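The structure is given below, and queries will be raised subsequently.
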Amino acid sequence: MDASDELLQRVTPSALLTLDGVIRRLNAAMATALGRPREQCVGRGFTDLLSEDQRISATSLLAHGATTKRLAMRVLEFPGTGEASVVCLVEARPVTDPAGGERLVWLHSLDARHDLGGLLIPFDLAAKAAGLGLFMCSPDEHRIEWLGGEPALAALFPQASMSLSMVIRRVHPDDREDVQRLVRSSVAQSPWIRSRFHTEHDGWRMLASQARRITLGYGGSQRVFGVIRDESTMEARRKDMLAAVRAERQRADEIAAFSSALFTAATEQELQQVVLTRLAAAFGGFGALFALVDDGRLRVSSDAGIPTWQADALLGPSLDEDRPLPCAIRTGQPQFVANQEELARCWLSDASVAQTPPGPDVAVSITPLSPAGDRPLGAWAVTYDSKHPPSLEKLAFMTTLAELAGQALRRIRLQQAHVELSTAVQQSMLPTLPEHLPGLEVAARYQPSRDGLDIGGDWYDAFFLPDGAVALEIGDAQGHDVDAAVFMGQVRSSMRAIAAHEPEPGTVLTRTNELLATMDAPRFASCTMLHIDPRDGQVIGTSAGHVPLLHAHDDGSHCVRTLPGGPVLGVLPDIDYPEETFTLEEGTALIMVTDGVVEGPGLTLEAGLERAGTLAAQALHDQLDAEAMADLILDAVAAVDHLDDVAVLVVRRA
């Protein structure tokens, strides 16, 4: 066996080609990928055996392999055996045949299992260029995943991942049978079908769809991929709306990434870089300024998106100046200037107004890094088009992030960045519970680890959702150290940002898991999330490997409710978290705990759940409120003999 033969001794497709692309030799895997017997491939041009839309890419790949000394890579789609085409990452490199000294091109498939998404990029680009949407259908899992393509088409679907039944429900009844045949198609490529699809905002739309079977990587699993073409008449107003939906989705991702980067900044320089590169984009602005108080003076940096004259108008010469930014820093109160006229009228002298150059009208939000009463640290400012100011929700969230940035800065300067920053993040992540919940009582308790030194990752949260419901969550990040607290902050902030746009608990956990998996986070977190409608007590819940719920009744009984769900967050990609819907009846309560409450060296999980449930049910029977129930459960933690930090969250329907 010579050296060239060894190149073909592979389980994946491999071939030796002449410099002009004629197949000299190939292995069985390459013949299978090309969909022909080996003898019908030898002597044929390699590109002639591919589909017409693949020939340009294959020709370019072979040209690089034949004329340069460098290897080249390209994603190619092979015809396969007829049931499904095969998509592979293919490498071409020059080799010399030791037998005759002939220069050849060695073409072979690479292992792309670690990044199957990379194999889909050419499909995404082709779909975008053609104005098509690209989706993947998993009939066995009864899911449809949106993959990319034309952004306007993505806005037709409220979620990037939807159950097949949910999609079918949106199809006109007369067209459903055709759509079901399409997604279950067993042929390599289906014909185009047209169907009427009902959207959330625009009513009925006419869509044309086509499906095909593709194997991702040689020997990989088969998937059903499809493209969608919008054949409806699009109005300019509708296009603007769809683009806005896409922008909001992207904005949510940017905010999550900004929050993550903010929490992990370990030096003042890193903090400054995070703010100036991410702040304006995350909140829909076009310029950002970062001012820090250093020995009583302001040290200012900018992303260059704020004009010099405007920065001067905001700053003033000193912290005592009556200008927006020094005022925000001194008082700890955010400032919002709606337009340049307001800036000139309220903050600038006549001389300053005269020096203001003409230009587009802008609005400015200024957020201090420390609240009122704390030592002034600095502030950041974001500029916007005055016709499109930020919402109150965005301004409130920006205040939260600014305070976290201020805490990071304070601890960085004290040379205790890791421990102090994680402690501050952990405390800031224990929110003030919503007040005046109609028909509901909510109470929460948190207790740090018993020795007072460990830093844990337990958290809880409760907040209103856009649909009027209340979100409740409790979780436990892996570990009892600084990194656990930082990771906990990333998870909780990500869930809040995602829930603001996609409030379903299963979707929130799925998106959070995708984010953590993409970040390749070194830790994981368990979590339970509930969506409660205060009006009728309907509860939608799911769990990511967390302790079961307790459901207590006012007759003194209780039960353990194990929610459906999936594994802990941040370990396995591509996980869906199914939900369960039930009713929280009047006079009953749900108790959410972390494992330190119900499990320890002196108590099994089952026994701990039984004890906590009994306490909660007795409290209901004695007509105690949610606050008293939370105290009773927390007071009993000492019997668990656990060193972990603990959290308790109680919701009672009055």
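The values are calculated or read from the model by the stated rules, or taken from the named source; none is laboratory data. Every value quoted in this text rests on a predicted model; they were computed, and no experiment measured them. Note: ideal-geometry Cβ built from the backbone for every residue, glycine included; neighbour counts use all protein chains shown. The accessibility values were calculated without ligands, DNA or RNA, using every heavy atom of the protein model including side chains. Shrake-Rupley method; radii C 1.70, N 1.55, O 1.52, S 1.80 Å.
Quick one: count up the residues across region 556-605 that are of a type outside the set (Asp, Glu) and assigned to a strand (DSSP E or B).
17
Collect the residues in region 553-606 that are more than 30 Å from SER163 (Cα to Cα) and charged (D, E, K, R), keeping them in residue-number order.
Of everything in region 553-606, those that are more than 30 Å from SER163 (Cα to Cα) and charged (D, E, K, R) turn out to be ASP554, ASP555, GLU586, ASP595, GLU599, GLU606.
Of the residues SER51, SER85, which single one is of a type in the set (S, T, N, Q) and within 30 Å of THR510 (Cβ to Cβ)? Even if it seems obvious, please write down each step before you answer.
Numbers: SER51 fails: within 30 Å of THR510 (Cβ to Cβ).
Only one candidate passes the filter, namely SER85.
Looking only at region 60-80, count every residue that is loosely packed, with under 15 Cβ neighbours inside 10 Å and more than 17 Å from LEU110 (Cα to Cα) and tell me the total.
4
Continuing with the same structure: For region 504-522, give me the residue count where each residue is acidic (Asp, Glu) and closer than 15 Å to LEU465 by Cβ. Can you show your working first?
As a first pass, look at region 504-522 and keep what is acidic (Asp, Glu): 504, 514, 520.
With the extra rule that they be closer than 15 Å to LEU465 by Cβ, the set shrinks to 504.
Matching residues across region 504-522 total 1.
Continuing with this model, one more query. Among the numbered criteria (1) outside any helix (DSSP H, G or I); (2) modelled with pLDDT under 85, which single criterion is violated by LEU314?
(1)
Looking at (1) open to solvent by less than 40 Å² (accessible area, probe 1.4 Å); (2) touching an Asp or Glu at 6+ places or on another chain (Cβ under 6 Å), find the lone condition where VAL637 falls short.
The one condition VAL637 does not meet is (2).
Give the residue, chosen from SER109, SER60, that is touching a Pro at 6+ places or on another chain (Cβ under 7 Å) and among the polar types (S, T, N, Q). So that I can check it myself, show each step before the final result.
Values: SER60 fails: touching a Pro at 6+ places or on another chain (Cβ under 7 Å).
The conditions single out SER109.
For region 278-311, give me the residue count where each residue is among the charged types (D, E, K, R) and assigned to a strand (DSSP E or B).
Adding up the residues that qualify gives 3.
Open to solvent by less than 40 Å² (accessible area, probe 1.4 Å) and either among the small types (Gly, Ala, Ser) or not in a strand (DSSP E or B) (or both), is that true of SER209? Write out each step before concluding.
Working: open to solvent by less than 40 Å² (accessible area, probe 1.4 Å): yes; either among the small types (Gly, Ala, Ser) or not in a strand (DSSP E or B) (or both): yes.
Against the criterion (open to solvent by less than 40 Å² (accessible area, probe 1.4 Å) and either among the small types (Gly, Ala, Ser) or not in a strand (DSSP E or B) (or both)), SER209 qualifies.
A further question follows. If you check LEU262 against the conditions, is it open to solvent by less than 10 Å² (accessible area, probe 1.4 Å), of a type in the set (A, V, I, L, M, F, W, C) and modelled with pLDDT of 80 or more? Show your work before the answer.
On the way: open to solvent by less than 10 Å² (accessible area, probe 1.4 Å): yes; of a type in the set (A, V, I, L, M, F, W, C): yes; modelled with pLDDT of 80 or more: no.
No; evaluated as a whole, the condition is false for this residue.
Can you name the condition, by its number, that SER165 falls short on among (1) within 24 Å of ILE498 (Cα to Cα); (2) in contact with a Lys or Arg (Cβ under 9 Å, 6 or more places away or on another chain); (3) exposed (fewer than 15 other Cβ atoms within 10 Å of the Cβ)?
Of the numbered conditions (1) within 24 Å of ILE498 (Cα to Cα); (2) in contact with a Lys or Arg (Cβ under 9 Å, 6 or more places away or on another chain); (3) exposed (fewer than 15 other Cβ atoms within 10 Å of the Cβ), the odd one out for SER165 is (2).
Could you grab me the full set of residues in region 168-184 that are closer than 19 Å to LEU134 by Cβ and among the charged types (D, E, K, R)? Steps first, answer last, please.
Here is the first cut: in region 168-184, the residues closer than 19 Å to LEU134 by Cβ are 170-171, 179, 182-184.
If the condition is that a residue be closer than 19 Å to LEU134 by Cβ and among the charged types (D, E, K, R), then ARG170, ARG184 are the ones that fit.
Taking only region 285-302 into account, find how many residues are at positive phi and either in contact with a Pro (Cβ under 6 Å, 6 or more places away or on another chain) or free of Cβ contacts under 8 Å to residues at least 12 places away in the same chain (or both). It would help to see each step written out before you state the result.
Going residue by residue through region 285-302, those that are at positive phi are 295-296.
Filter again for either in contact with a Pro (Cβ under 6 Å, 6 or more places away or on another chain) or free of Cβ contacts under 8 Å to residues at least 12 places away in the same chain (or both), leaving 295.
Number satisfying all stated conditions: 1.
Looking only at residues in region 265-316 that are among the acidic types (Asp, Glu) and under 24 Å from VAL362 (Cα atoms), which one is most open to solvent (accessible area, probe 1.4 Å)? Walk me through it before giving the result.
Taking region 265-316 as the starting set, the residues that turn out to be among the acidic types (Asp, Glu) are 268, 270, 294-295, 303, 312.
Those left that are additionally under 24 Å from VAL362 (Cα atoms): 303, 312.
On the way: ASP303: 53, ASP312: 91 Å².
The selected residue is ASP312.
Find all pairs meeting these conditions: Cβ atoms under 8 angstrom apart; at least six residues apart or on different chains; first residue within region 625-638 and under 16 Å from GLU610 (Cβ atoms) and of a type in the set (D, E, K, R); second residue modelled with pLDDT of 90 or more and surrounded by fewer than 22 Cβ atoms within 10 Å (Cβ to Cβ).
Close Cβ pairs satisfying both conditions: none exist.
Within the set of pairs 6+ apart or on separate chains, which have a first residue in region 113-140 that is on the phi > 0 side of the Ramachandran plot, a second that is surrounded by 13 or more Cβ atoms within 10 Å (Cβ to Cβ) and at pLDDT below 80, and C-beta atoms under 7 Å apart?
From residues that are on the phi > 0 side of the Ramachandran plot, the pairs are GLY131/GLU150.
Kindly indicate which of VAL224, VAL183 is over 30 Å from PHE487 (Cα atoms), at pLDDT 80 or above and surrounded by 17 or more Cβ atoms within 10 Å (Cβ to Cβ).
Values: VAL183 fails: at pLDDT 80 or above.
Of VAL224, VAL183, the one residue that is over 30 Å from PHE487 (Cα atoms), at pLDDT 80 or above and surrounded by 17 or more Cβ atoms within 10 Å (Cβ to Cβ) is VAL224.
Could you identify the single residue in VAL105, VAL87 that is under 35 Å from the mean Cα position of the chain (by Cα), part of a strand (DSSP E or B) and touching a residue at least 60 places away in the same chain (Cβ under 8 Å)? If you could, list the steps in order and put the result at the bottom.
Working: VAL105 fails: under 35 Å from the mean Cα position of the chain (by Cα).
After applying the criteria, what remains is VAL87.
Pick from region 1-44 the residues that are touching a residue at least 60 places away in the same chain (Cβ under 8 Å) and open to solvent by 70 Å² or more (accessible area, probe 1.4 Å): which of them is nearest to the chain's Cα centre (by Cα)?
VAL11
Right, something else. Within region 464-485, can you find the residues that are open to solvent by less than 20 Å² (accessible area, probe 1.4 Å) and over 21 Å from VAL547 (Cα atoms)?
LEU465, ALA469
Now, a different point. Working only within region 199-224, note down all residues that are among the small types (Gly, Ala, Ser) and either free of Cβ contacts under 8 Å to residues at least 60 places away in the same chain or within 13 Å of LEU134 (Cα to Cα) (or both). Walk me through how you get there before you give the answer.
We begin by selecting, within region 199-224, every residue among the small types (Gly, Ala, Ser); these are 203, 208-209, 211, 217, 219-221.
Correct list: GLY203, ALA208, SER209, ALA211, SER221.
What's the number of the condition GLY570 fails, among (1) out of contact with any Asp or Glu (no Cβ under 8 Å at 6 or more places or on another chain); (2) under 24 Å from ARG652 (Cβ atoms)?
The single condition GLY570 does not satisfy is (2).
What residue, among those in region 90-101 that are in a loop (DSSP other than H, G, I, E, B) and open to solvent by 30 Å² or more (accessible area, probe 1.4 Å), is modelled with the highest pLDDT?
Just the residues of region 90-101 that are in a loop (DSSP other than H, G, I, E, B), to begin with: 97-101.
Filter once more, so that each one left must be open to solvent by 30 Å² or more (accessible area, probe 1.4 Å): 98-101.
Working: PRO98: 73, ALA99: 71, GLY100: 74, GLY101: 80.
By that ranking, first place goes to GLY101.
Taking THR47, is it open to solvent by 50 Å² or more (accessible area, probe 1.4 Å), assigned to a helix (DSSP H, G or I), β-branched (Val, Ile, Thr) and at pLDDT 90 or above?
Details: open to solvent by 50 Å² or more (accessible area, probe 1.4 Å): no; assigned to a helix (DSSP H, G or I): yes; β-branched (Val, Ile, Thr): yes; at pLDDT 90 or above: yes.
Considered against the rule, which asks whether it is open to solvent by 50 Å² or more (accessible area, probe 1.4 Å), assigned to a helix (DSSP H, G or I), β-branched (Val, Ile, Thr) and at pLDDT 90 or above, THR47 comes out as no.
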